[in-house]
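Working notes for the structure below.
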Amino acid sequence: MVSEENLRKASEEQRRRNVPLSRILIERRLVDEAVLGKMLATRLGLEYVDLTKIAIDPAAASLVPRVLAVKHEMIPIGFRDSRVVIAAADPNNVQGIDDFRAYLRKDLLLVVAARSAVLGAVERLVGLPSDSLEANAKAASEQSETESQLPEISEEGPIVKLVNATIAQAVADRSSDIHIEPAADSVKIRHRIDGVLHNVSSMPRNLHAAIVSRVKIMADLNIAERRLPQDGRISGLISGRQLDLRVATLPTIYGEKVVLRILESTTAMMDLEELGFLPQSLARYREAFMKPYGTILVTGPTGSGKSTTLYATLNVLNSSSKNVITVEDPVEYRIAGINQLQVNPKAGLSFSSALKSILRSDPDIVMVGEIRDHETAGTAIELALTGHLVLSSLHTNDAPSTPARLIEMGVEPYLVSSALDCVVAQRLARRLCDNCKVAYKPTEEELVAARWDDADSESPRELFKAAGCPVCSNTGYRGRIAIHEVMNISDEMERLIASAGKSHEIRQLALEEGMLPMRSAGLSLVAAGVTSIDEILRVIA
């Protein structure tokens, strides 16, 4: 499963970090953790369990303290005869087994489970009781909240526990964002899970200032400034995983709203195949980014996964023989071997000024976080025309409207046609939960509403829809997948763009040249049982 070279590198890292080899292999995405867990279980003559598909006994899980479960990555999941069943990420952890046996004073039955599933179960069942947010909120609300005491209050136990519990619960819920929103008489906490916001809790209004101050202290922001938006970053180990949180404050009529975006380093290490590219679209995209120069743009609305696609592409292109430089605002994920710049407008370092400096730094590949204005667009085009490969993102609704957007920004049509090599438009759709999705026969009305006839494929006899179960928190969906539309720029397309062709003319030519429309790509995923018609209608116009 692992090449000798990769195994050697993993072994060196294991000796350096003094952690199990299995963890290194999983973190470097060299093996699938479920496959590795099953192999370990078979080798040791143990049972393998999928913790996402079984009911864990809360009474068993509550037998051990959180610190012990997190330290050894083990959790009691039930009882069998007179023994306690312990799910372990590393069944060779002799010290952990001894500690559990000494603490529980019972015979143990060891089973093997995926590390991420064990840590997730610990977070849900051991770390935070169901009423922990409310309990911490109640304790914190009993504190005084005079203006002069805010910094001291935010550092005290209850507020610290409340903010930590809020972040830990969001991580356990697989949230991408935490919204802390002040209202007239309360503070609302909402989590964005798989792209959709969910209400989590409501807290007393008098906690708002202390919560915001605590978050600002963690993010090294100015706690005295409440009239202007601020941006910051929090880094730390949460649930055994190294996470970064991007913090943004926004003054509203009821006080400062805070949004924390949860960034996990493993997201930046995803392979293109994992993102949801259909084979024909991936082949067209790979043909473009393997060229030595040109411009590749990934387009879509905010939160459509553009950055993830760009990082996955950089992972393929990153090598010691190339000078890769990125300009971002902010740097979301840190990648070894790549030179990453963060723009700083206050210091005079904007996207355009950074790109001009990069021109003199002998780059091979340049990634621009986002093209926002004429100057940035012009400099990026200039980089591509001088023999560099430029990757960037842009806000457009689809691939064919991208050349027109660049022209609207003030870039000459002939420059756009010469520099542009490929445009990838994308959206994120929620995946159906494999544990509870339900098969059904679609009606003619549903197929007409989804415009299945336009997808050049047969109408399906069976599709799947969301149901809901404990595994997916009764939403019917778990995880997301990207839907792509890849438009390559041919010679004929170049001539059309240079003559300022309309978007609908560019779309027609792209379809004739083999571009798979986003709706057709989405309906292919529906037919494969990956997502539902409702989800495609939600994300694709």
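The values are calculated or read from the model by the stated rules, or taken from the named source; none is laboratory data. Model, not experiment: these values are computed from the prediction. Every residue, glycine as well, gets a Cβ built from its backbone with ideal geometry; the counts of neighbours run over all protein chains shown. Just the protein is used for accessible areas: all its heavy atoms, side chains included, with ligands, DNA and RNA removed. Shrake-Rupley method; radii C 1.70, N 1.55, O 1.52, S 1.80 Å.
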Report summary line: In segment 24-56, anything part of a loop (DSSP other than H, G, I, E, B) and out of contact with any strand residue (DSSP E or B) (no Cβ under 8 Å at 6 or more places or on another chain) is listed as 28, 29, 30, 31, 32, 45, 50, 52, 53, 55
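Which one of 148, 154 is assigned to a helix (DSSP H, G or I), open to solvent by less than 60 Å² (accessible area, probe 1.4 Å), at pLDDT below 85 and not acidic (Asp, Glu)?
154
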Query raised in the report: If residue 304 satisfies every condition in (1) in a loop (DSSP other than H, G, I, E, B); (2) open to solvent by less than 10 Å² (accessible area, probe 1.4 Å); (3) farther than 24 Å from residue 397 by Cα but one, which is the exception?
Result: (3)
Query raised in the report: Residue check, residue 184 against (1) crowded, with 20+ Cβ neighbours inside 10 Å; (2) in contact with a Phe, Trp or Tyr (Cβ under 8 Å, 6 or more places away or on another chain), all met but one. Which one?
Result: (1)
Report task. Determine which member of the set 534, 453, 491 is surrounded by fewer than 22 Cβ atoms within 10 Å (Cβ to Cβ) and in contact (Cβ under 8 Å) with a residue 60 or more places away in the chain. Result -> 534
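Can you tell me how many residues in segment 324-366 are in a loop (DSSP other than H, G, I, E, B), open to solvent by less than 40 Å² (accessible area, probe 1.4 Å) and either touching a strand residue (DSSP E or B) at 6+ places or on another chain (Cβ under 8 Å) or more than 20 Å from residue 246 (Cβ to Cβ) (or both)? Spell out how you get there, then give the answer.
Of segment 324-366, the ones in a loop (DSSP other than H, G, I, E, B) are 329-338, 343, 348, 350, 359-364.
Next, only the ones that are open to solvent by less than 40 Å² (accessible area, probe 1.4 Å) stay: 330-333, 335, 338, 343, 363.
From the residues that got through so far, the ones that are either touching a strand residue (DSSP E or B) at 6+ places or on another chain (Cβ under 8 Å) or more than 20 Å from residue 246 (Cβ to Cβ) (or both) too are 330-333, 338, 343, 363.
Qualifying residue count for the region: 7.
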Report task. Might you let me know whether segment 411-432 holds any residue that is modelled with pLDDT of 90 or more, open to solvent by 50 Å² or more (accessible area, probe 1.4 Å) and in contact with a strand residue (DSSP E or B) (Cβ under 9 Å, 6 or more places away or on another chain)? Result -> yes
Report task. Please find, within segment 43-70, the residue that is nearest to residue 474 (Cα to Cα) out of those that are β-branched (Val, Ile, Thr) and either at pLDDT below 90 or touching a Pro at 6+ places or on another chain (Cβ under 9 Å) (or both). Result -> 52
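State whether the residues of segment 209-224 include one that is modelled with pLDDT under 85 and either under 25 Å from the mean Cα position of the chain (by Cα) or in a helix (DSSP H, G or I) (or both).
Scanning segment 209-224, I find no residue that is modelled with pLDDT under 85 and either under 25 Å from the mean Cα position of the chain (by Cα) or in a helix (DSSP H, G or I) (or both), so the answer is no.
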Requested in this report: Taking only segment 80-109 into account, find how many residues are surrounded by fewer than 20 Cβ atoms within 10 Å (Cβ to Cβ), of a type outside the set (Lys, Arg) and either part of a helix (DSSP H, G or I) or touching a Lys or Arg at 6+ places or on another chain (Cβ under 9 Å) (or both).
Outcome: 12
Query - Members of segment 194-245 found to be over 30 Å from residue 24 (Cα atoms), among the hydroxyl-bearing types (Ser, Thr, Tyr) and open to solvent by less than 50 Å² (accessible area, probe 1.4 Å), listed by number - result: 201, 213
Query raised in the report: Is segment 57-69 home to any residue that is β-branched (Val, Ile, Thr) and assigned to a strand (DSSP E or B)?
Result: no
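Out of 34, 55, 69, report the one residue that is in contact (Cβ under 8 Å) with a residue 60 or more places away in the chain, open to solvent by less than 80 Å² (accessible area, probe 1.4 Å) and hydrophobic (A, V, I, L, M, F, W, C). Reasoning before the result, please.
On the way: 55 fails: open to solvent by less than 80 Å² (accessible area, probe 1.4 Å); 69 fails: in contact (Cβ under 8 Å) with a residue 60 or more places away in the chain.
34 is the lone residue from the list that is in contact (Cβ under 8 Å) with a residue 60 or more places away in the chain, open to solvent by less than 80 Å² (accessible area, probe 1.4 Å) and hydrophobic (A, V, I, L, M, F, W, C).
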